[in-house]
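Below: one structure, written as structure tokens.
Taken together, the values in this text are just the output of simple stated rules run on the coordinates, not laboratory data. Owing to the predicted nature of the structure, the values given are computational and were not obtained by experimental measurement. Positions of Cβ are generated from backbone atoms using ideal geometry, with glycine treated the same way; all protein chains shown enter the neighbour counts.
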Amino acid sequence: MPFLTRWNNDFGWGDIDRTLLALDELRRRMGRAFDETGGERGSGIAGFANWPPINLYDTGSELFLRAEVPGVSEKDLDLQVNQDVLTISGQRQTEVPEGYSAHRRERGAMRFSRSFTLPFKVDPELCEANLKHGVLSLKIGKAPDARPRQITVKSG
Amino acid sequence: MSQEIVRQDEKKPESYRDRVPVLSPPVDIFENEQEILLLADVPGVKEDGLSITLEKNELTLHAKREMEEEPGSVLARDFHEGDYYRSFMVPQGIDGEKVEAELKDGVLHVHLPKSDGLRPRKIQVKAG
């Protein structure tokens, strides 16, 4: 059946498959966007778009960062410093405990990642992080070569 | 039961209106045969800042958040000072004496055990 063969190869299922694949991809992306931001689950209570909420302070010689990460344990939290970019990422799981049924679910499960470009290079050795009562406290020290330096002028 | 626990009072305590801002923490509510379990995100709250009351069938959560002193000037601020407050209607038949709460990683867990009358009972059928 030459006609059918040609129809299959040149038009037919190939195109439909591609269309379906595109729809799948679109749906996947939308699903991901909703999953990552918490979607409408958090509406009216707290937005999850910029999760976790972060406060940043400057003391002159150091930066202090505080982030509210309730329900995130140390092992699910990842802090990375790359030159002058600080990234906080991790995940929070809010599964229904086994044997329970759910009446209300406002606490979103999520993977999160937030990055900051800092106004100086950071020495990871000079950073200190502490997690307590669901609040991450991070002290960020300036790298030695980012500190102001005195230049001596020689005569001659 | 599910209707009752879903109903929620949005009122705020009188004494807080002009003072510290009040935040409504997101909650999860679960149930099994033994208890109702409520989880609330309350980062920054310590055990001694918590007050949980069950009066008639109104459960009230009030959590005082300790904001540490701000070191230096503010570059960015997503969260502000504020206490957590929220109340719920819980079904009758919760054993108020046995309500237990714990804090873990900034999440409040409240266990509301059902009294015997509320638990499902298996009825034995005897052969006559």
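In this calculation the C-beta distance from B:ASP95 to B:GLU66 is compared with R0 = 35 Å, giving a FRET efficiency of 0.65. Based on Cα contacts under 8 Å between residues 6+ apart, segment B:36-128 shows a relative contact order of 34 percent.
Between A:LYS154 and A:ASP84, the modelled label-to-label distance comes to 3.0 nm, taking each label 7 Å out from Cα in the direction of the beta carbon.
If R0 is 30 Å, what FRET efficiency do you get for A:ALA143 and A:THR94 from their C-beta distance, rounded to 0.05?
According to the calculation, E is roughly 0.20.
Here the label points at B:ARG121 and B:GLU81, each 7 Å from Cα along the C-beta direction, are separated by 5.4 nm in the simple model. Here is the list for segment B:17-99: GluC sites (Glu not before Pro) lying in DSSP coil, each with at most 14 other C-beta atoms within 10 angstrom of its C-beta, are B:GLU33, B:GLU66, B:GLU68, B:GLU69, B:GLU81.
Extension gain, B:HIS109 to B:ASP48, is 20.5 nm, computed as 0.36 nm per intervening residue step minus the present C-alpha separation. The alpha-carbon positions of segment B:68-128 define a convex hull whose volume is 162 Å³ per residue.
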